[in-house]
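Here is the structure we will look at.
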Amino acid sequence: MKSKTLERLEFGRLKEILLSYVVSPCGAEAIEQLLPGKTKEEVLEIYSNIEKIEKIALKGTRFDFSAFPAMKKAVIRASTGAPLSFKEIREIGEFIDAYTKLYESLYPSFDFLLNPEILKPLKKQIFAVVDEEGQIRSDATPELVRIRQKILSLREEIQNVLTRILRKFEVNGILRESVITIRNGRFVIPLIANFKTDGIIHGYSKSSETVYVEPLEIVPVQNSYIRAVEEEREEIDRIRRELTERIGNLSTALSEIWELTGKIEMYYVLYLFKSDYGGVYPEFSDEFIEIINGYHPLLVRTLGHDRVVPLSIFVDRRVFLVSGPNAGGKTVLLKTVGLFHLMAASGIPVPAEKAVLVFPKGVYAVGFQDEQDIIEGESSFTAYIKEIVNVLKDAEDGSLILFDELISSTDPQEAAGIAYAVLEELLSRDVWIMGNTHLSTLKLLVSTNREMLNASMEFDPVELKPTFKVRVGEIGVSHAFEIAARSGMSDKIIERARECVQGESALLEITLKNLKEKERLYSILVTEYKEKLDSLEQKVKKAEKIGRERAMEIVEGARKEVERLLKELRKEENKEKVKQLAREIKKEFSEMEQTYDLDLKPADELTLDKEYFIKPIGITGVLKEVKKDKVMMQIGRAFIEVPINYLYERG
């Protein structure tokens with residue numbers, strides 16, 4: 001991946017966010033080396049390891065990487081034979097100890113970790129020889145113990161002899177100061193300069209009034225003391241060389257646990273980032289790009305999650321061109337999509353509710369900054385064209401190419417022609433192209449190509465400001481006049497500007513603006529219609545319930561009335577008359593039941609040419625045709641189409 005693309009899409013600043021979570025130097029190195037260009041299998045493996053870390057962390061395991069010191073340089077030096085300090089040696093022991101604890105907490109979940117058994121004897125020796133302050137212990141070896149005991153004994157003898165001499169010189173009045181000091185590594189006493197005594201002079205004071213003398217009687221003991229100190233130094237050097245050599249012999253294993261620890265902390269950092277920024281593991285597709293509620297991580301870090309408008313897009317065509325007002329979010333859209341793909345190709349979760357991305361072999365970011373080179377006298381247009389030429393030469397199949405302000409620094413008509421020709425050429429390859437533009441002709445050309453897709457950044461016509469939301473499938477307009485007016489430019493100048501702009505661009509701006517206004521009104525009407533429809537449906541349900549209850553009351557009353565009439569009819573002597581009345585009453589009752597749908601049930605099986613009651617309409621019709629979820633009914637000579645669930649039959 002080219003460094004210019006990483007810089008323009010701010011991949012380095014993203015890594016600064018990740019580094020803010022890092023504690024150990026090996027973790028920082030792993031994050032620094034985290035770059036796009038991995039295979040899909042490598043990325044999926046990283047995601048799998050992040051999930052493992054997440055599960056372990058959620059179970060309560062605490063990860064503390066502060067116990068891992070910076071040992072890498074010392075290990076490299078030891079591998080060349082260069083001696084290490086005891087502080088460096090101690091840090092290597094501490095690293096081994098911390099790695100051992102990490103290994104025990106993570107194995108076998110991470111079976112690629114190196115078993116630390118090979119390093120434990122080295123750690124044990126280091127801890128036995130070097131203390132927590134990075135100093136060699138007095139009992140590091142038996143020989144060192146013997147030598148240091150000898151040094152203490154000789155030092156004590158020297159102190160006793162010099163103390164006796166001091167007292168004698170003090171009585172004689174020739175002692176400058178009653179102290180024992182050290183000059184040239186030997187113990188001496190300060191005497192008056194003009195007094196002569198047997199001894200070796202080791203120096204004078206600045207004023208030359210004091211002479212520092214080693215009495216002759218102490219010289220043999222001091223010589224033994226100096227030899228013992230040399231023996232101590234040699235033993236210490238021998239111990240340091242031995243430990244350094246042992247570290248050098250194990251440098252391969254030590255370098256491996258350094259890298260493995262860095263990887264583990266990297267997985268932990270990516271888990272923390274995913275958790276804090278609401279990230280997901282992206283899916284990969286060759287057919288489309290989809291982002292639902294995606295957030296640019298740098299905007300989230302700067303503005304806060306609540307102040308960033310999320311990005312939601314679905315792109316199923318290889319060329320995607322977004323237009324709209326200045327400062328409307330076009331460049332942020334491209335940067336978000338581009339950064340998401342760089343993150344995905346690195347194994348970094350992306351902050352979104354859902355992300356389906358292509359797995360790019362390369363990402364190219366063209367534009368995104370002023371390429372004017374004053375020294376070479378190169379124009380912005382020339383620099384931009386050179387970049388396009390390089391992309392046409394280098395872009396492989398499966399690449400993602402991002403164009404910011406696609407050829408905007410020359411004549412608009414000519415720029416649109418070149419831009420569209422470039423898009424057509426790239427479209428003939430297996431690449432994905434996303435760009436933004438203000439070129440009206442280019443927008444129209446893209447709209448005529450079924451393999452290309454326009455999109456616009458939404459602009460609020462009431463508030464006269466961008467909403468930062470993308471509308472796929474629409475052509476955006478710049479809203480330059482509205483923005484200029486909102487920024488304080490006078491109406492007179494703006495009206496004159498409108499008069500000056502003629503032709504295709506002006507017509508497109510006006511047409512799209514009118515469509516936007518109509519769409520807004522249509523959206524309002526649809527919302528009102530849905531609200532009224534919901535209210536009406538609730539009222540119908542309520543009325544049906546009341547009607548049914550009322551019908552039951554009427555029918556029950558009718559039953560009682562029929563029973564009363566029958567009792568009276570039984571008293572009637574004319575039997576024929578009684579039968580006729582009874583038949584009429586039953587018929588009336590039956591019709592009443594049918595009127596109030598008391599015996600209706602939804603139709604189970606449909607039979608052609610059979611009568612069914614169409615309940616919402618309240619009439620009976622003959623079934624003539626059955627479609628997928630609708631039926632054709634004949635009512636008299638008329639035919640109507642109704643949903644299947646409208647049909648009822650008598651129970």
Using 7 Å Cα-to-Cβ label points, what is the Lys628/Glu495 separation (nm, one decimal)? 5.5 nm
Phi-derived 3J(HN,Hα) across the range 293-310 with the Karplus relation (6.51, -1.76, 1.60, θ = phi - 60°), rounded Hz, x for Gly and Pro, is 6, x, 10, 6, x, 5, 5, 4, 5, 7, 9, x, 4, 5, 9, 9, 7, x
Gap separating the Cα centres of the range 622-651 and the range 16-88, nearest whole Å: 71 Å
By count of other Cβ within 10 Å, fewest leading, how are Ile46, Ile53 ordered? Ile46, Ile53
Tell me, what is the percent relative contact order of the range 279-501, built from C-alpha pairs under 8 Å that lie six or more residues apart? 26 percent
Expected unfolding gain across Arg650-Arg137 under the 0.36 nm per residue rule, minus the alpha-carbon gap, is 174.4 nm
Stretch gain in nm, segment Leu303-Glu287, where the contour uses 0.36 nm per residue and the Cα spacing is subtracted: 2.4 nm
Footprinting proxy, His341, His305, His296: sorted fewest to most Cβ within 10 Å, the residues are His305, His296, His341
Summed over the other residues with a beta carbon less than 15 angstrom from that of Ile76, with K and R at +1 and D and E at -1, the charge totals -3
Can you list the HN-Hα couplings for the range 410-427, worked out from phi with the Karplus curve (6.51, -1.76, 1.60; θ = phi - 60°), rounded to whole Hz and with x for Gly and Pro? 8, 4, x, 5, 5, 4, 4, x, 5, 4, 5, 5, 5, 4, 4, 4, 5, 5
Relative to the present Cα-Cα distance, how much length would full extension add between Phe112 and Glu396 at 0.36 nm per residue of separation? 98.9 nm
Sequence-distant residues sharing a close amide H with Ile200 (under 5 Å, placed H): Glu214, Leu216
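If we count every other residue with Cβ under 12 angstrom of Pro190's Cβ, Lys/Arg +1 and Asp/Glu -1, where does the sum land?
Values: positive: Arg176, Arg183; negative: Glu170, Glu177, Glu209, Glu214.
Spelling it out: positives minus negatives among the neighbours equals -2.
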For Leu600, the residues 5 or more places away or on another chain with a placed amide H closer than 5 Å to its own amide H are Gly651
Which entries of Lys59/Lys123; Lys4/Lys465; Lys55/Lys101; Lys72/Lys124; Lys38/Lys73 have Cα-Cα distances beyond 22 Å here? Lys59/Lys123; Lys4/Lys465; Lys38/Lys73
Calc'd 3J(HN,Hα), the range 131-142, phi into Karplus 6.51 cos²θ - 1.76 cosθ + 1.60 (θ = phi - 60°), Hz, glycine/Pro = x, comes to 7, 4, 8, x, 10, 5, 6, 5, 9, 4, 9, x
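When only DSSP loop residues count, what GluC sites (Glu not before Pro) in the range 65-149 have their Cβ near at most 11 other Cβ atoms within 10 Å?
Glu132, Glu133
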Listing Trp258, Trp432 by rising number of other beta-carbon atoms within 10 angstrom, fewest first, gives Trp258, Trp432
Please list, ordered by chain and number, the residues whose modelled amide H lies under 5 Å from the amide H of Phe468; skip anything fewer than 5 residues away on the same chain. Glu458
Considering only DSSP states other than H, G, I, E and B, which GluC sites (Glu not before Pro) in the range 602-643 qualify as loop sites with at most 11 other Cβ atoms within 10 Å? Glu605
Scoring only Lys, Arg, Asp and Glu (+1, +1, -1, -1) among other residues with Cβ under 15 Å from the Cβ of Phe11 yields +4
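Laboratory data are not the source of any read-out in this text; all were calculated from the coordinates shown. This one's a predicted model, so the numbers in the text were calculated from it and none came from an experiment. Heads up, the Cβs are rebuilt from the backbone with ideal geometry, glycines too, and the neighbour counts pull from every protein chain shown.
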